[in-house]
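Inspection log for the structure reproduced underneath, given as structure tokens.
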Amino acid sequence: MQNRKFDRKFDLIAFDWDGTLFDSTAIITRSIQAAVVDVGGAKPSDADASYVIGMGLMQALAHAAPDVAPDKYPQLGERYKFHYSQSMNDITLFGGILELLAELKQRKHILTVATGKSRRGLDDALQAVELKDIFHGSRTADQTAGKPDPQMLHELMDEFNIPPERTLMIGDTTHDLLMAQNAGCASVAVSYGAHDPSSFAAFNPLYIAHSVAELNSWMVKFA
């Protein structure tokens, strides 16, 4: 699928979902906090709850609720899904994301998703009219491995026969940036999602975008 006639540095672009494409950080944070309290755990701080966004669900909940016994993890997961489902219709794409994706597709980039969401959750989200036929491929934590394990990126690169040096990961957490690093790929960070951007420098992203407009401008010039 490679096409070199376009002046591109990267052929495959992998996007994180929550906090990068979708404005869902606050809702996920509140859902994690409510779920932990429901099963008798101490309410995580906003920082602790948002830190785990991007991990696989059970990995994230276990990290956010260290005082909850493992035998309660299934109940914890169900309570999280309940609270999240109450607000999922309030989650929207960040302004400008559709225009960015359209521009990148016009430039013949291979657009993919690498997310901590479940396969079912991502498939449901991709049914939205505005997202149909946008992405060429995707991987989720429950069908591969949770971030920062690089399996998601390895599988996407293998699927499209793209080497690491032609692959770019874009995300809002250190989990995304470390996954890219572990896969031998470059990364770009966005500061408008879940993690404090002061923690990004250790993972050497090519750029830190503070808005979708900044991300778009950089991608058109350098990706």
Quick check: is even one residue across region 53-71 buried (at least 17 other Cβ atoms within 10 Å of the Cβ), part of a helix (DSSP H, G or I), modelled with pLDDT of 90 or more and touching a Leu at 6+ places or on another chain (Cβ under 7 Å)?
-> no
Which of the residues that make up region 72-92 are acidic (Asp, Glu) and either surrounded by 14 or more Cβ atoms within 10 Å (Cβ to Cβ) or at pLDDT below 85 (or both)?
-> 90
Residue among 214, 155, 130 that alone is in a helix (DSSP H, G or I), among the acidic types (Asp, Glu) and closer than 14 Å to residue 14 by Cα | 155
Count of residues meeting criterion [over 17 Å from the mean Cα position of the chain (by Cα) and assigned to a helix (DSSP H, G or I)] in region 33-51 | 9
Set 72, 43, 105, 81: member being touching a helix residue (DSSP H, G or I) at 6+ places or on another chain (Cβ under 7 Å) and of a type in the set (Lys, Arg) | 43
Take the residues of region 142-181 that are under 23 Å from residue 7 (Cα atoms) and among the β-branched types (Val, Ile, Thr): which is nearest to the chain's Cα centre (by Cα)?
-> 170
Is it true that residue 25 is at pLDDT 85 or above, closer than 30 Å to residue 160 by Cβ, buried (at least 16 other Cβ atoms within 10 Å of the Cβ) and among the polar types (S, T, N, Q)?
-> no
Return a yes/no flag: does region 79-92 have any residue that is touching a residue at least 12 places away in the same chain (Cβ under 8 Å) and farther than 16 Å from residue 26 by Cα.
-> yes
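The values are calculated or read from the model by the stated rules, or taken from the named source; none is laboratory data. This is a predicted model, so every value here is computed, not measured. When we count neighbours, we look across all protein chains shown, and the Cβ atoms used for this are built from the backbone with ideal geometry, even at glycine.
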